[in-house]
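Read the structure below first, then the notes.
The values are calculated or read from the model by the stated rules, or taken from the named source; none is laboratory data. Owing to the predicted nature of the structure, the values given are computational and were not obtained by experimental measurement. Here the Cβ positions follow ideal geometry from the backbone for every residue, glycine too, while neighbour counts run over all protein chains shown. Remember, those area values only see protein heavy atoms, side chains included, never the ligands or the DNA or RNA. Shrake-Rupley method; radii C 1.70, N 1.55, O 1.52, S 1.80 Å.
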Amino acid sequence: MMNETQKNGPDRLVENLVATLWQEKDALAELGGHFGQQVEALRQQQPGLLQEATLAANDAVGALGKLRQVRLRQMRLLARVLGLEAEPTSLETLVEALGKEAAHPLQTARAALRTEAEHTRRRCELLDFALRYAAQLGQDLLLSFQDLDAAPSARLYTAAGSSASAAQRSFLDQIG
């Protein structure tokens, strides 16, 4: 005769897996918030705030990595308990093996996690764009400072016989 803990074994494993998925969703939301803070720090030109948000984002990424490892272990254990031999086991495989009613909380948590992952991905892309834009502005600013002490540009004769300013540097190798 099966005791109550053996009977509820898969249910308990599903509950633990669902809890981990919700924790991952929350960690992703936190990470997305840090991405937003970084973008705002760039907008406000506050390097100290940017550094704090970056360090917090790094911590959130580390926490996400740990949660992912926990989730993968839980999925493997649940797959073994359910008698699934496929490796690696996906959430979809587990949902199919559990049945519709038992898998409903798992499906709900998975959908919420996917939605949050998409929001976080978009925030990450916005941060990437903002960082690239800021870097390009910085590079342009440095180039303009370097050109301040340059001699006035030379005048060149065009093919039509008129003279024009040589605004860009020549690609001609003047050394060799």
Original post:
For the stretch 73-82, what are the residues that are exposed (fewer than 14 other Cβ atoms within 10 Å of the Cβ) and under 13 Å from Thr20 (Cα atoms)?
Top reply: Arg73
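Residue-by-condition table, conditions (1) open to solvent by less than 60 Å² (accessible area, probe 1.4 Å); (2) at pLDDT below 90; (3) in a helix (DSSP H, G or I); (4) among the charged types (D, E, K, R):
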{"position": "Thr54", "(1), (2), (3), (4)": "yes, no, yes, no"}
{"position": "Asn58", "(1), (2), (3), (4)": "no, no, yes, no"}
{"position": "Gly62", "(1), (2), (3), (4)": "yes, no, yes, no"}
{"position": "Arg68", "(1), (2), (3), (4)": "no, no, yes, yes"}
{"position": "Arg71", "(1), (2), (3), (4)": "yes, no, yes, yes"}
{"position": "Leu84", "(1), (2), (3), (4)": "yes, yes, no, no"}
{"position": "Val95", "(1), (2), (3), (4)": "yes, yes, yes, no"}
{"position": "Ala102", "(1), (2), (3), (4)": "yes, yes, yes, no"}
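Being at pLDDT 85 or above, open to solvent by less than 60 Å² (accessible area, probe 1.4 Å) and farther than 16 Å from Gln23 by Cα: is that true of Ala112 here? Before the answer, list the steps.
Numbers: at pLDDT 85 or above: yes; open to solvent by less than 60 Å² (accessible area, probe 1.4 Å): yes; farther than 16 Å from Gln23 by Cα: no.
Taking the combined requirement at face value, the residue does not satisfy it.
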Original post:
Given (1) open to solvent by 60 Å² or more (accessible area, probe 1.4 Å); (2) not in a helix (DSSP H, G or I), where does Arg122 come up short, assuming only one miss?
Top reply: (2)
